[in-house]
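Read the structure below first, then the notes.
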Amino acid sequence: MKYSIDKKETYTIITIDEKKLDTTVAPDLKSEFVKLNAEGINNLILDLGNVKYTDSSGLSSILIANRLCNSTGGLLVLTGLQDHVMKLITISKLESVLHILPTVEEGIDRIFLHAIERDLTSKE
């Protein structure tokens, strides 16, 4: 699987450099999500701008990342979704479960907002 990881202090950006997120790629992606979570990384931005197609196994890997981030108080943000990927998410009725934004920059802003909201809630 071709991808890049850019680790920052409060978030990590994973850019998928594949046209298809399917059964040939999804297991490696799931493993990467589990490894990053074990390292204590709980805020992920998954840039899918290069991904033109995904199937249920690709969607499953995204849901695993979402669950791992949520379980540690973090956030998964999907960015750059192409039409086919967005249609599958919509058909699966997951657009209300997943955080989807057009750009990585907006994803970064959403993660910082999430951290502020979490801090304010914990102080109450």
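The values are calculated or read from the model by the stated rules, or taken from the named source; none is laboratory data. All of these numbers come straight from a predicted model, not from anything done at the bench. Here Cβ is always computed from backbone atoms with ideal geometry, including for glycine, and neighbour counts include all displayed protein chains. The accessibility values were calculated without ligands, DNA or RNA, using every heavy atom of the protein model including side chains. Shrake-Rupley method; radii C 1.70, N 1.55, O 1.52, S 1.80 Å.
Observations
- Counting only protein heavy atoms and a probe of 1.4 Å, the accessible surface of the chain is 54% carbon and sulfur.
- A viscosity of 1.002 mPa s and a temperature of 20 °C, combined with the Kirkwood radius over C-alpha pairs in the Stokes-Einstein formula, give the chain a diffusion coefficient of 148 µm²/s.
- The chain - mean residue ellipticity at 222 nm from DSSP helices (-39,500 (n - 2.57) per run, n ≥ 4, rounded to 500): -15000 deg cm²/dmol
- Packing rank of 31-42, 15-26, where each peptide gets the mean count of other beta carbons within 10 Å, highest leading: 15-26, 31-42
- Cross-link reach list, lysines versus LYS7, counting only Cα pairs under 17 Å and skipping chain neighbours closer than eight places: LYS35
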